[in-house]
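K.L.:
Shown below is the structure under consideration.
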Amino acid sequence: MGQVKDPKTETEEDTQNRGALWETLKSLLFILGTAILATIAVRNSVNPYIHKIWGASHDFWGELWNSIYDLFGRNDHLTHHLGSALTSTAYFLVFNAVFLFCDITGKPAWLLKYKVQEGKNEPVDQKKLWKCIRTSAFNLLVVSPVFTLVLYPMALALGSYHKGQLPTFERLLVEFVVFTLVEEVMFYYSHRLLHSPRFYAKYHKQHHEWTAPIGITSIYCTPLEMVCSNLLPSIMGPMIMQSHIFVAWIWIALVIFSTTLAHGGYHVPFLFSPEAHDYHHKTFNCWFGTIGILDKLHKTDKPFCGSIQEVRHYVSFSLTPVKELHPDPADRRGNASCTKVE
């Protein structure tokens, strides 16, 4: 016979869950409220300067867009298909070049001191690396362009990817906030679904072959995962907001840059921290989102909370590696561990 839980215990657990949810909502409301009030407070004094700076910048980006559009003969299909494929490929190659060179050669030496998992991939296993390169190249050069081709009619139906003037500064900020939230929601739930027993072995285990990931492993995955967990979450925001295609390209650049850093294995000063997603690859059972809001809401950040990796999870403005600023706690054998920080 299964053990029957005490109703009182269940009530206490429910109360705790509601309390945690309420605390999360209060935190989100506080952050949003503070941001809104701060924006209102400084808007009148700062706005003229923002518009002056953005005005000059807007002209630059507008001229750049017109030059690119002219390069593709102002052909919408060619701009969408070939332009999107070329920009995504260029972003991926450029952002991964330095990290991959260091993974292969161990140079420059100064970069190695920022390794998250010290001693891993120094140098990277060549056989494993070439397998990763083949899969990543297929996803980048075949799956992604085909996805873009199929997506185009849907984008047009939603009124996305218009070729008119670039948006105002205020509109751009709103769009990027929406992009971030849409990506968080879609990536979190698709990623958690891929970790379910029904889908993990067939569709997501390949990505987790790398418990100490490197930059190009960001798209080392099955085609299904590439579409559902990488491409759709990143592009649905621009589609929902009917964004200019040039804005979508800029957003995709940020997405590729951030996911390269998250998988890169280096906690470099002044750049986004990879600690949370690196911890996910190391432990498999936590931090399924991008910015942590839904992990906090669903309490899937629990294994990460209190760990030394959480302590290090911030943008560092010191040239001293964070692992030296916050050393690993040691287990009884003197080995670094992922134990909680008391």
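K.L.:
Within the accessible area of segment 134-174, what % is carbon and sulfur when the probe is 1.4 Å and the other protein chains stay in place?
P.N.:
76
K.L.:
Let me ask something else about it. For Y266, enumerate residues with amide H under 5 Å from its amide H, sequence gap 5+ or separate chain, H modeled in the peptide plane.
P.N.:
V116
K.L.:
Using unit Cβ charges (K, R positive; D, E negative) and no other charged atoms, how large, in debye to the nearest 20, is the dipole of segment 63-196 about its Cα centre?
P.N.:
Computed about the Cα centre, the dipole is about 560 debye.
K.L.:
Give me the percent of the accessible area of segment 188-274 that comes from carbon and sulfur atoms, probe 1.4 Å, all protein chains in place. Before the final figure, lay out the partial values.
P.N.:
On the way: 2090 of 3030 Å².
Of the solvent-accessible surface of segment 188-274, carbon and sulfur hold 69 percent.
K.L.:
I'm a student and want to see the number: the projected area of the Cα convex hull of segment 157-247, averaged over all directions, in nm².
P.N.:
The directionally averaged projection comes out at 7.2 nm².
K.L.:
Does segment 213-261 come out rounded, prolate or oblate by the C-alpha gyration tensor, with a ≥ b ≥ c the root eigenvalues, rounded set by a/c under 1.5 and, if not, prolate when a/b is larger than b/c and oblate if not?
P.N.:
On the way: a/c = 3.46, a/b = 1.56, b/c = 2.22.
Cα axes put segment 213-261 in the oblate bin.
K.L.:
Please list, in order along segment 105-117, the HN-Hα scalar couplings obtained from phi with the Karplus expression 6.51 cos²θ - 1.76 cosθ + 1.60 (θ = phi - 60°), rounded to whole Hz, x for Gly and Pro.
P.N.:
Taking θ as phi minus 60°, the curve returns 9, x, 10, x, 4, 5, 6, 4, 5, 9, 4, 6, 9 Hz for segment 105-117.
K.L.:
List the pairs from K128/K299; K131/K205; K282/K302; K128/K205; K107/K128; K302/K323 whose alpha-carbon separation is above 24 Å, in the order I gave them.
P.N.:
Beyond 24 Å: K128/K299.
K.L.:
Something else about it: Quick one: if the Förster radius is 56 Å, what FRET efficiency do V142 and E324 give, using the C-beta to C-beta distance and rounding to 0.05?
P.N.:
0.85
K.L.:
Taking amide H positions as placed 1.01 Å from N in the peptide plane, with prolines and chain starts having none, which residues 5 or more places from S307, or on another chain, fall under 5 Å of its amide H?
P.N.:
Sorted by chain and number, the residues that satisfy this are V341.
K.L.:
Compute the semi-axes of the equivalent ellipsoid of segment 189-339, taking the square root of 5 times each eigenvalue of the Cα gyration tensor, and list them largest first in whole Å.
P.N.:
Equivalent-ellipsoid dimensions as semi-axes: 28, 20, 14 Å.
K.L.:
Applying the Karplus parametrisation 6.51 cos²θ - 1.76 cosθ + 1.60 with θ = phi - 60° to the phi angles of segment 293-300, what ³J(HN,Hα) value in whole Hz is obtained for each residue in order, glycine and proline being reported as x?
P.N.:
Couplings: 5, 6, 5, 5, 5, 8, 6, 8 Hz.
K.L.:
Still on this structure, please answer the following. Across segment 132-139, in residue order, what do the Karplus-derived ³J(HN,Hα) couplings come to in whole Hz, using 6.51 cos²θ - 1.76 cosθ + 1.60 with θ = phi - 60° and x for Gly and Pro?
P.N.:
Once rounded to whole Hz, the list reads 5, 4, 4, 5, 5, 5, 5, 5.
K.L.:
Determine the gain in length on full extension of the stretch F284-T105; use 0.36 nm per residue of separation and subtract their C-alpha separation, reporting nm with one decimal.
P.N.:
61.6 nm
K.L.:
Sticking with this one: How would Y189, Y266 rank on accessible area, largest to smallest, probe 1.4 Å?
P.N.:
Y189, Y266
The values are calculated or read from the model by the stated rules, or taken from the named source; none is laboratory data. Because the structure is predicted, anything quoted here is derived from the model rather than measured. FYI the Cβ positions are ideal-geometry reconstructions off the backbone, even for glycines, and counts take in every protein chain you see. For the accessible areas, the whole protein counts, side chains as well, though only heavy atoms, and no ligand, DNA or RNA atoms are used. Shrake-Rupley method; radii C 1.70, N 1.55, O 1.52, S 1.80 Å.
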